[in-house]
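A quick write-up on the structure given underneath.
Only the coordinates and a few stated rules stand behind these numbers; no lab work does. Bear in mind that the values here come from a model prediction, so they are computed numbers and not experimental data. A quick note on method: Cβ atoms are made from the backbone with ideal geometry, for glycine too, and the neighbour counts reach across all protein chains shown.
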Amino acid sequence: MHLGLPSLVSSDTDLATIRTILSDYAPSNEFAAQVRVQLAVASFANVLSNNSNEEIDSSLVRMLDSELDTLKTTCADGWTDIAELSVLVAKLHFYALVITRVRPGATSRDILLKLGFGVSLRIAHLANARLHDNPIETHNLTLQQRQRTHPKNYFRGLAFATVFLLRYFSLNSAVHADEQQLAANHVMMAHHIFQTCATSPQDEFGRAAVLFETLGRQAPISADATKLRLTDRMGVSILLDAVSTASEVRGRPVEIAEYETPRATSIHPKQESYILNGELPASGAPEPWHAELTLSNNDLWNDAVWDIFNYQAGFPQAALHPPEMHPQQ
């Protein structure tokens with residue numbers, strides 16, 4: 001989900017097996033809550049990804065919303081703010097997936113934008129509350145160290161919510177000024193969290209903070225007037241587009257090339273490859289999150305885009321890429 005990929009576990013048999021294990025072996029309640037969130041995501045992800053009917057999309061999102069909302073009751077004993085964050089982030093990913101492909105002005109799209117707005121604000125609020133939480137036992141850890149112990153998906157979700165607020169509200173001239181300001185306030189909250197976690201401007205937290213700064217300085221324009229560069233990474237497409245936009249703002253031209261790949265090696269029916277190239281600024285300062293992205297449908301697991309999310313090299317068949325396709329470390 002956080003990488004814009006289809007779920008690897010999606011068959012009815014697999015999902016039923018996981019539900020049986022949860023019922024029979026009773027893992028910790030908090031863990032079970034997290035697994036059930038992912039089960040809901042897996043149940044709907046592939047259907048939504050392969051469907052392009054506006055009415056069906058809206059119905060599926062409502063069904064997903066209902067299923068995720070019931071988890072607070074189903075998993076009451078293991079319900080925490082982290083579980084709530086997982087639910088909110090899952091909702092936002094599916095809202096964004098549908099928003100990016102429904103025509104502007106459609107009623108269903110406007111509804112999802114409002115829902116996404118509320119969810120994004122809540123994600124930023126919960127993250128900000130955890131930043132200012134004063135635990136009784138700190139285990140001699142500093143605030144920065146405690147924040148950095150959160151799971152990586154915690155920060156991925158926060159970054160995704162921040163970009164959603166930037167694109168569709170804070171920097172969107174078509175929305176009301178009050179919504180713009182409210183979104184901007186929560187973007188600043190998220191920016192402060194990433195700055196607090198950064199040990200240097202070049203680590204992933206520091207680069208994320210620079211990304212938000214770079215985008216936040218831009219003049220508002222209509223979100224519908226800017227077309228996404230990538231549309232095949234589910235909801236994550238808006239996050240990858242934000243990285244590309246920040247690259248352009250910082251003086252690095254971004255080239256997006258499309259070409260067809262052989263059907264024999266296809267994973268998805270739409271065969272495209274996007275290569276975003278550019279050089280580092282003269283100052284030598286690193287670009288937010290990554291200096292070069294290679295986005296290829298043909299070999300998803302060897303994609304250099306994983307570097308944005310701190311995935312390490314070494315996926316199977318990594319050597320099959322031509323050397324020039326790999327960014328220099």
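Quick notes on this structure:
- Taken over the alpha carbons of the range 1-47 as equal point scatterers, the Debye sum produces base-10 log I(q)/I(0) values at 0.31 Å⁻¹ of -1.16.
- Dimensionless Rg ratio for the range 143-238, taking C-alpha atoms and the 2.2 N^0.38 Å reference: 1.12
- Counting charges near L126 (Lys, Arg +1; Asp, Glu -1) among other residues having Cβ under 9 Å from its Cβ returns a value of 0.
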